[in-house]
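Shown next, in C-alpha cells, is the structure this report addresses.
The values are calculated or read from the model by the stated rules, or taken from the named source; none is laboratory data. Quick caveat: nothing in here was measured; it's all calculated off a predicted structure. Cβ atoms come from the backbone with ideal geometry, glycine included; neighbour counts cover every protein chain shown.
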Amino acid sequence: MAQSKELYDAILNGDAKKAHAVTQTALAVGALPMDLISESMVPAMDEVGRLFEAEEYFVPELLLAGRAMKSAMELLRPLLVASGQKLSVRVVIGTVKGDLHDIGKNIVASMLEGSGFEVIDLGTDVSPEMFVAAVEERRPHIVCMSALLTVTMPAMKTTIDALKTAGVRTAVKVLIGGAPVTMQYAKEIGADGYSENASAAVGLVKNLLTVV
Amino acid sequence: MAQSKELYDAILNGDAKKAHAVTQTALAVGALPMDLISESMVPAMDEVGRLFEAEEYFVPELLLAGRAMKSAMELLRPLLVASGQKLSVRVVIGTVKGDLHDIGKNIVASMLEGSGFEVIDLGTDVSPEMFVAAVEERRPHIVCMSALLTVTMPAMKTTIDALKTAGVRTAVKVLIGGAPVTMQYAKEIGADGYSENASAAVGLVKNLLTVV
Amino acid sequence: MNERTIREYSTLAIPSQDQLLYGVSPHPLTCGLGLTIGAGQVFPEINFTLPAMNIEPETWPDVVAHYDEMAAQILRRAVSLSVPGILLEFELLPPMTECPEWGAEITTVLKRHLIACHEKHHLPCALRVTPTDIRDQQKPPLMRTGEPWQRLKRSLELCAAAGADILSIESIGGKEVNDQALMYGDFQGIVFALGVLAPRDVSWLWTEIRDICAEHPGVVPGGDSACGFANTAMQLAHQKMLPEVLAAVVRAMSAVRSLAAFEQGAIGPSKDCAYEGPVIKAITGYPISMEGKSASCAHFSPLGNIAAAMCDLWSNESVQNVRLLSGNAPEAYTELLAYDCRLMNTAAANQGGALQMRNWMTESDEWLSPQAAVLSPDATIRIAAAIVAADTPYHRVIAAGNAAVRVLKDGIERQKLHITRKEHQWLTRIDDALRAFPADEGALLLELESQYGSLYDKASYGL
Amino acid sequence: MNERTIREYSTLAIPSQDQLLYGVSPHPLTCGLGLTIGAGQVFPEINFTLPAMNIEPETWPDVVAHYDEMAAQILRRAVSLSVPGILLEFELLPPMTECPEWGAEITTVLKRHLIACHEKHHLPCALRVTPTDIRDQQKPPLMRTGEPWQRLKRSLELCAAAGADILSIESIGGKEVNDQALMYGDFQGIVFALGVLAPRDVSWLWTEIRDICAEHPGVVPGGDSACGFANTAMQLAHQKMLPEVLAAVVRAMSAVRSLAAFEQGAIGPSKDCAYEGPVIKAITGYPISMEGKSASCAHFSPLGNIAAAMCDLWSNESVQNVRLLSGNAPEAYTELLAYDCRLMNTAAANQGGALQMRNWMTESDEWLSPQAAVLSPDATIRIAAAIVAADTPYHRVIAAGNAAVRVLKDGIERQKLHITRKEHQWLTRIDDALRAFPADEGALLLELESQYGSLYDKASYGL
Ligand code: B12
Ligand code: B12
Ligand code: SF4
Ligand code: SF4
Ligand SMILES: [Zn+2]
Ligand SMILES: [Zn+2]
Ligand SMILES: [Zn+2]
C-alpha cells in the first residue's frame, strides 16, 4: 500500500508534519484507523526500535520518531474512541521525592509513548501522595518510578507503601529504574519489575500487560 | 615491692618460666594471690596492651606475655577457687561453620586470655549446634564468633537463631567480628557487639561485662 | 539586550602544550592545612557519599556516623601510604543543602578529622565543600531569587563558616534548556544553553560565591563544573543514546561557562568532574582537579588515563560507604588514588619524566574515542586558543565547538580516529550547524523563543 | 629421612634485571580462546565473587545468576574499552569445591560467556579456575588421602572438563605449622613450614594437577600461591601485628614452595596473589599474574605500583558483586584494570618505554616499605639467584631469607630504607636466626618435634 509506506517513512524519519499530513490524506480516502496503526505505524516504530538496538539510531532519532507517531495519533485517537475501540494502556511515570534527575525518566517516558502507550509524566520530585493521587484519578495500568540518588531510592519503598495504604497497590503494576536501582532492590520492596535501560523498560511493560 | 616487679617484668618480657618461678617464690613467702594479680600481673598486661597500641610490641610479644601470664595463673587459680573468690569470666569463641580462617580468631582469643578471661576456643568450622552445646555445657558469659568469608557470614545469624531456639540467647552476650563483618550487620542480626580488631574486642568484652 | 563584554583572558596562561603538564600550574594555590596545589605534585582528591539510606531527622545520627567513619578510614589510609597531601571533597546531598545546618554539621565533623590528622601526622590537607545547586525545583527554575536560592546561599555561608577551605558548585543555569536540546540532538538549543544562558548564570553566581569567600578569610572560591551538561552527554553517549562526537563537542563548548567562574574570581582547583579543566588551566593558569579510571566507582568513561595528563588533583568523583573485601570502598579508592599520584609524582621527579608520562597517558586513550580526542594537550591548546580569541561567551562557544570539530576531523584525516558511518553523519551535521549561527546572540534568542521560551525564566539570566 | 634432590632450575631464565620487564616472558603461553600471555602485552585478569549470601540448594539459582551477571558485565566493559585480551579467574568458594558439580556448573556458565564474546567480538580470552584447597578440615590435616582430598581432586577434574583453560590452586600444605610459628614470630617454625613441609606438599599436589591437565587437552597447569603464608603475614603486618621486615623475608622465602609447582610441570601464569611471582618468572621464564593498587577492593598493601613492574597479567584479586554508583563493582574494577594495562602497553610500544615505566613503578614504592623493597627487579634477581644456587628447598628457603635480609640491610645502609627501631631489632633477630640453622633439615625436624609435631601429619609429607 503506497500511503502506508509514506506514513511508515515519515515516522521512521521523524517528520511529524509529514506524518500528520499523510495520515489526514489517508483518512480522507477512507483508510481505517486500525489499519494505519497496525500496518504502518507499529511496523515503523518497531523498525525504529530495531535501529536503536543496532546502534544505528540514537535517542534524538527515537524521540523525533515518537513525536511523529504522536502527531499521527492525534488524528486517530478521537476516531478510535468514538468507534469504542479500547486502545490505550496508561502509564504514570515520575522521578521520586527529593530527586531532580529526569533525563533517564524522560527517555523511558518517550520510548513508552513511542510504543503507543499513553504516558502521564508527573515530572521530578514526586511525593508518594502525588503518585497515589495520580493513580486514584487517572487509573493507570502501570506506575513507573525513577531514582538516581542512593538517598532517594528509599522513597520508592515509601511510595509503594503509600499505594498499599491507599488500597490501590493491587490495581497497578509498579516498575522501578535508575542507575542505583537493582533487581534485588525491586524484589525487596515488592515492585513488579526493574530494568536497566529504556528499551528493556518497554519490553517489561509489554510483558507485564500480558499478565495484567 | 621487689617481688612484684620481678613478676611484672617476667610477664612484660614474655618469660613464662620466670613468671612461674617468681610466682611460686612469692606465694612461698606469703604473698596473697589477689595482690599478685592486681599489683603485678594486671599492670603488666596493661603495659603490654599499651606497648601494642603504641606499636612498640607486635603480636608475638603479646602472645608470649599472655603465655607467661597463664603460667603464673596456673598456680593462682586453684588457690583463688579454694578461697571462693569469683574470678573468671568465661568466653566461648569459634570461627563459624564453613569457614576455616582462624588467625584473626586466634589473636582475639589470645588477647582475651591475656586480659585474664577464661577462653574456650572451639576452633574453626563450628556449627550452630556446637555453639549451642558449648553454651549449655560451659555456661559462658560471652560468645564470640568470627567469619572471614562473605558466604559464611550468614552462619552468624543462623547461630544466633539457634541460641534463641535453644532458649539460651539471653544468657550470653554475643560478639562478632572478622574482615567482612560490619557494625550494621551486627545490628541486623541482633548481635550485642562488633569490633574491627582484637584490642578493640577486649575493650568490648570489658564494656559488656559492666552491663552483664 | 546587551551582549556582555568580556574583560579577562584574551591570551593563554600556558600557551604551549609542552608546558601543560600534570602537577604544575602557573598560579599554585595554598589552602587549608598547608596544602599547596599545582606546585609540582599531584595529590589525591577523595570524594565519598552515603550508601542507600534515607536522610531525615531520625537517621541523622547514622548519617553523621557514616561521614565520621569515612573520614577516619580515608585519613588512616592516606597516612599509612605516606601521601604528601590530600584533599577531601564533601559534596552535599540535596537534603543537606535544603537544611543548611546539616551540611555545616558534616563540614565540621570532616574538618575536625583533618585538623587532628594534621596535628598528629603533619599531613598537608584541605576540605572542599560543594553544596548542591537546588535552584531547579520549580519550572521554569528561578536562579537569583526565591527560597531555593536563599537556602543554597545560606548553605555556602554556613559551610564556609564551619571549616570549608574551598567552596565549589556544579551550577545548573541553562540546563533546563540544554537537557531537552541534548535529547533531541538540537544543536541550536545546546549552543543557546551553553553560550547564552549558562555563562550568565555562572557569572552572577560566582560573584556571590566570591563575596561569601571574601567574608570568610582563608576560604577559597574553587571552581564550577559543566557536569550537568557535558557529563550528562557523556553518560548518554556511554549508553549509546547520543553520538560520541556530539558529547565531545559539547565537552569543548562547556568550558566557556566554567571559565566564567574564573573571570569572576574563582582561583581553583576546578571541580574533579569538570573535564573541561585542562582548557581552564591553559587559559587561567589555575590548578585543576580531574578524574578518570580512578572514578570507575562513580561512572564509566572513555577517558581513563588521558584525564590525568594535565591534572593537579586526581579524584574518584564519588564512592558510597559500602563494604568491600578489603575494607570500606572510600578507603579502597583512597589507596588507588594514592598510588596513581605516587606514580605520576615519581615520573615527574625525573628530568622530562612528567612530559613523558603525560604523553603516554594521552597516547593511551586519545584516538580510541572522540571524547578522549578533545582532551589531549594538543586539542586543549587549540580549544583554549579559540576561546580566548573570541569576544563573548556566545562567540566563544561557537569557536570552541569549531575547534573541537577540527580536532576530530584532523584525527579522521590522519587515520588516527575511526568512527562509525553514523557518527560521521553527526559530525557533518554538527559542523554544518556551527556555520549557520547568527552573528548576534539576540537573533538566536528570538529564533528559539517559541521552542524553548517557556522552559526558562528570562529575569534569572538578566535577559 | 632423605633430602630430595632438585633437578631443575639451577640457572635463571632471565639472568639480568634489564630483561625482567612487564608483558614479556621467555616462554609465552597461548591458552583458551586465542589468548597469548607474556608475548608483549599485559592483560587484565579479573576475579569476582558473591556478595554476602548463603550457598545452599535453595539459593543456588541466585548464585548462578550472580556469576552470569558478573561475566556479562565484565565482558561488556572489556569490549567497550577495546581491551586486547582478558583472563577471567573463577576462585571457587568452599561449598563449590565440597560439591564439585557446583564448581563445574559455574565454570560452564562463565565459559559460555567467553565463547559467545569471542565469537561476536573476537576478543582473545581465557578462563582460570581455582578450586579451594579444602584439605585442612581436620587437625592435623590429611593432605594425600581422605574425603577432602578426594573432593578437591574431583573438583579439579570436573572444572577441567567443564571448560577451565587454566587450573590453579592456593595450596595450604605446611600452613598448619606456619600459622602458629608466624604468630609467635618463631623463625625456626616458619623455615620448617616453608622449607620442609610446604615444598613437599606442593610437589606432590602438582604432579596430580599436571596429570589431570594431561587428561584434558588444552587445559594448562597454571601455578600456585603462597597466599596462606606470605599474604597472611602481609595482612598481619598491615594491621601492625607483625613486623614488616618479617613479612618481607617470609615473602622471599615463600617463592621456594611455589617454585615446586613449576618443577612439576606448571607453566604459568602464576596466581595473581602470589607476590613471589617475579622470582618465579626470573627463574622459570613463565608468565606471571600480579596485583597491587588494582586489588584495593580485596586487600590493602604497600605494593601498589611496584607489583606491576614485572607482571604479564594485572589483577584485582577479588571483588564482590555489589552495586557502586557506576554499576556493579566487578565491572568497575574491569575498567580500572583495562586502563592500567593500556597505560603499560602504551609505554611498552615505545622504544625503551617498558623499562622506563617499570623503573618508575619500582621507584614509586621500593623504599617506602620493606615489603616493597624485596619486590624490586634488583631484589628479585638477587633472591632468585640465591634460590637456584642452593640445592634443596630447605637450603633454598634459608638462602632466599638471607638474600632478602641483605636487600633490606643494603637499603638501610644506603639510607634509602627507613624503619623503626623496633623493626630494626626484628631484622637483626631474623638475621641471627638464619645463621643458626642446622645444615640438615632432618636435624631441624627433630629439634621442632616437641613444639610442632602434633600439628602436622608426617605421612602427608612423605616423612
Ligand atoms: C546528569 C547528572 C546530573 C544532572 C541532572 C540533569 C537532569 N536533568 O537529570 C545534575 C547536574 C543536575 C545533577 C545533580 C545532582 N547529582 Co547527578 N548525576 C548526573 C549523571 C552524570 C548522569 C545521570 C543521567 O542523566 N544519566 C543518563 C540517563 C539516560 O541514565 P539513567 O538515569 O540511569 O536512566 C536509564 C536507566 O537507569 C533506566 N531508567 C531510568 N529510570 C527508569 C525508570 C523505570 C521505571 C525503568 C524501568 C527504567 C529506568 O532507563 C534510562 C535510559 O536507559 C549521574 C552519573 C551516573 N553515573 O549516572 C550523576 C549522579 C546520579 N548524580 C549524583 C549527585 C551526587 C548529584 C547531586 C546531589 C550533586 C550535588 N552535590 O550537587 C545533584 C542532585 C540533584 C537532585 N536533587 O537530584 C551522583 C549520585 C550519588 C549518590 N549518592 O546517589 C551521581 C551517581 C554521580 C556520581 N557518580 O557521583 N546530576
Ligand atoms: C590468610 C587468608 C587465607 C588463609 C587462611 C589461613 C588461616 N589459618 O586462617 C588461606 C590461604 C587458608 C585462605 C583460604 C581461603 N580464603 Co582467604 N584470606 C586470607 C587473607 C589474606 C588474610 C586473613 C587474615 O588472616 N587476616 C589477618 C587477621 C588478623 O585479620 P582478621 O581475620 O580480619 O581478624 C581481625 C579482625 O577482623 C578482628 N576479628 C576477627 N574475628 C573476630 C571475632 C570477634 C568476636 C571480634 C570482636 C573481632 C574479630 O580481630 C582480628 C585481629 O585484629 C584474607 C584477605 C583479607 N583481606 O582479609 C583472605 C580472604 C578472607 N580469603 C578469601 C578466600 C576467597 C579464601 C578461599 C575461599 C580461597 C580459595 N578459593 O581457595 C579459601 C577459603 C577457606 C575456608 N574454607 O575458609 C577471600 C574472601 C572472599 C569472600 N568472598 O568472602 C579473602 C577476603 C581474600 C580476598 N580478598 O579475596 N585464606
Ligand atoms: S558527574 Fe559528578 S559531579 Fe557531576 S552531577 Fe555528576 S556527580 Fe555531580
Ligand atoms: S590473598 Fe587472594 S588468593 Fe590469597 S587466600 Fe587470599 S584470596 Fe585467596
Ligand atoms: Zn560533578
Ligand atoms: Zn565530584
Ligand atoms: Zn587470589
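Of everything in segment C:278-293, what is under 15 Å from the mean Cα position of the chain (by Cα), within 16 Å of ligand 1 (Cβ to nearest atom) and not in a loop (DSSP other than H, G, I, E, B)? Give them in sequence order.
The answer is C:SER289, C:MET290, C:GLU291.
Has segment A:161-175 got any residue that is surrounded by fewer than 23 Cβ atoms within 10 Å (Cβ to Cβ) and within 14 Å of chain C (Cβ to nearest Cβ)?
Yes, that holds for at least one residue.
Tell me whether segment C:434-447 contains one or more residues that are closer than 19 Å to C:SER258 by Cβ and in contact (Cβ under 8 Å) with a residue 12 or more places away in the chain.
Yes, some residue in segment C:434-447 is closer than 19 Å to C:SER258 by Cβ and in contact (Cβ under 8 Å) with a residue 12 or more places away in the chain.
Among A:ALA179, A:ALA162, which is small (Gly, Ala, Ser) and either at pLDDT 95 or above or within 16 Å of ligand 2 (Cβ to nearest atom) (or both)?
Result of the check over A:ALA179, A:ALA162: A:ALA162.
Please give the number of the condition B:TYR57 fails out of (1) within 14 Å of chain D (Cβ to nearest Cβ); (2) at pLDDT 90 or above; (3) surrounded by fewer than 16 Cβ atoms within 10 Å (Cβ to Cβ).
(3)
Quick one: which residue in C:GLU317, C:GLU244 is within 16 Å of ligand 1 (Cβ to nearest atom), touching a residue at least 60 places away in the same chain (Cβ under 8 Å) and over 11 Å from the mean Cα position of the chain (by Cα)?
Of C:GLU317, C:GLU244, the one residue that is within 16 Å of ligand 1 (Cβ to nearest atom), touching a residue at least 60 places away in the same chain (Cβ under 8 Å) and over 11 Å from the mean Cα position of the chain (by Cα) is C:GLU244.
In the list C:ARG396, C:ARG429, which residue meets the criterion of being over 21 Å from D:ASN345 (Cα atoms) and surrounded by fewer than 23 Cβ atoms within 10 Å (Cβ to Cβ)?
C:ARG429
Mind listing whichever residues of segment C:29-76 are under 28 Å from C:MET357 (Cα atoms), touching a His at 6+ places or on another chain (Cβ under 8 Å) and of a type in the set (A, V, I, L, M)?
Residue satisfying the conditions is C:LEU75 alone.
Identify the residue in segment C:173-189 that is more than 9 Å from every other protein chain (Cβ to nearest Cβ) and free of Cβ contacts under 8 Å to residues at least 60 places away in the same chain and, among all such residues, is nearest to the chain's Cα centre (by Cα).
C:LYS175
Just one of C:LEU127, C:LEU114, C:LEU75, C:LEU123 is in a loop (DSSP other than H, G, I, E, B), within 28 Å of C:ALA348 (Cβ to Cβ), in contact (Cβ under 8 Å) with a residue 24 or more places away in the chain and more than 13 Å from chain A (Cβ to nearest Cβ); which is it?
Being in a loop (DSSP other than H, G, I, E, B), within 28 Å of C:ALA348 (Cβ to Cβ), in contact (Cβ under 8 Å) with a residue 24 or more places away in the chain and more than 13 Å from chain A (Cβ to nearest Cβ) holds for just one of C:LEU127, C:LEU114, C:LEU75, C:LEU123, which is C:LEU123.
Restricting the search to segment C:256-276, which residues are closer than 20 Å to C:THR392 by Cα and within 15 Å of ligand 5 (Cβ to nearest atom)?
Once the filter is applied, which keeps residues that are closer than 20 Å to C:THR392 by Cα and within 15 Å of ligand 5 (Cβ to nearest atom), segment C:256-276 yields C:ARG257, C:SER258, C:ALA261, C:GLU276.
Given (1) away from every other protein chain (no Cβ under 11 Å); (2) β-branched (Val, Ile, Thr); (3) within 16 Å of ligand 4 (Cβ to nearest atom), identify the lone condition not met by D:ILE14.
Failed condition: (3).
Among D:ALA347, D:ALA403, D:ALA373, D:ALA385, which is over 28 Å from C:SER80 (Cα atoms), among the hydrophobic types (A, V, I, L, M, F, W, C) and in contact (Cβ under 8 Å) with a residue 40 or more places away in the chain?
D:ALA385
Any chance you could count how many residues in segment B:85-112 are at pLDDT 85 or above and touching a Phe, Trp or Tyr at 6+ places or on another chain (Cβ under 8 Å)?
4
With the checklist (1) closer than 30 Å to D:LYS422 by Cβ; (2) assigned to a helix (DSSP H, G or I); (3) in contact with a Leu (Cβ under 8 Å, 6 or more places away or on another chain); (4) among the small types (Gly, Ala, Ser) in hand, flag the one item B:GLY14 doesn't pass.
Result: B:GLY14 fails condition (2) only.
Kindly indicate whether D:ALA372 is within 14 Å of chain C (Cβ to nearest Cβ), among the aliphatic types (A, V, I, L, M) and farther than 23 Å from D:ARG257 by Cβ.
no
Residues are listed down the side, and each one gets a yes or a no for (1) within 21 Å of D:CYS341 (Cα to Cα); (2) within 13 Å of ligand 2 (Cβ to nearest atom):
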{"site": "D:LEU33", "(1), (2)": "yes, no"}
{"site": "D:GLY40", "(1), (2)": "yes, no"}
{"site": "D:PHE48", "(1), (2)": "yes, yes"}
{"site": "D:ALA52", "(1), (2)": "no, yes"}
{"site": "D:PRO57", "(1), (2)": "no, no"}
{"site": "D:PRO61", "(1), (2)": "no, no"}
{"site": "D:ALA65", "(1), (2)": "no, no"}
{"site": "D:GLU69", "(1), (2)": "no, no"}
{"site": "D:ALA72", "(1), (2)": "yes, no"}
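Among the residues of segment B:73-96, which ones are within 14 Å of chain D (Cβ to nearest Cβ) and touching an Asp or Glu at 6+ places or on another chain (Cβ under 6 Å)?
The answer is B:THR95, and nothing else.
Being within 10 Å of another protein chain (Cβ to nearest Cβ) and within 18 Å of D:GLY40 (Cα to Cα) is the filter here; which residues of segment D:288-323 pass it?
Matches in segment D:288-323: D:ALA307, D:ALA308.
Of the residues in segment C:299-320, how many are within 16 Å of ligand 3 (Cβ to nearest atom) and part of a loop (DSSP other than H, G, I, E, B)?
11
Which residues, taken from segment D:382-399, are within 18 Å of the chain's Cα centre (by Cα) and closer than 20 Å to D:GLU413 by Cβ?
Residue satisfying the conditions is D:ILE383 alone.
Quick one: which strands (runs of 3 or more DSSP E) sit completely within segment B:103-212 and have at least 1 residues that are on the phi > 0 side of the Ramachandran plot and among the charged types (D, E, K, R)?
Strands (runs of 3 or more DSSP E) meeting the threshold: none at all.
Considering segment C:345-360 alone, what residues qualify as being more than 9 Å from chain D (Cβ to nearest Cβ) and either crowded, with 21+ Cβ neighbours inside 10 Å or touching a Gly at 6+ places or on another chain (Cβ under 6 Å) (or both)?
Scanning segment C:345-360 gives C:ALA348, C:ALA354, C:ARG358.
From the list C:GLY304, C:GLY292, exactly one residue is touching a Lys or Arg at 6+ places or on another chain (Cβ under 8 Å), more than 27 Å from B:GLU196 (Cα to Cα) and surrounded by 24 or more Cβ atoms within 10 Å (Cβ to Cβ). Which is it?
Going through C:GLY304, C:GLY292 in turn, just one is touching a Lys or Arg at 6+ places or on another chain (Cβ under 8 Å), more than 27 Å from B:GLU196 (Cα to Cα) and surrounded by 24 or more Cβ atoms within 10 Å (Cβ to Cβ): C:GLY304.
Restricting the search to segment C:144-164, which residues are part of a loop (DSSP other than H, G, I, E, B) and crowded, with 23+ Cβ neighbours inside 10 Å?
Correct list: C:ALA164 only.
So which of C:SER454, C:SER450 is free of Cβ contacts under 8 Å to residues at least 60 places away in the same chain and in a helix (DSSP H, G or I)?
C:SER450
Of all the residues that make up segment D:84-109, how many are part of a helix (DSSP H, G or I) and of a type in the set (A, V, I, L, M)?
Count: 4.
Return the total of residues in segment C:228-255 being assigned to a loop (DSSP other than H, G, I, E, B) and either more than 16 Å from C:LYS175 (Cβ to Cβ) or within 13 Å of ligand 5 (Cβ to nearest atom) (or both).
Of the residues in that region, 4 qualify.
Condition check: closer than 23 Å to A:PRO60 by Cβ and over 22 Å from the mean Cα position of the chain (by Cα). Does C:GLN451 satisfy that?
yes
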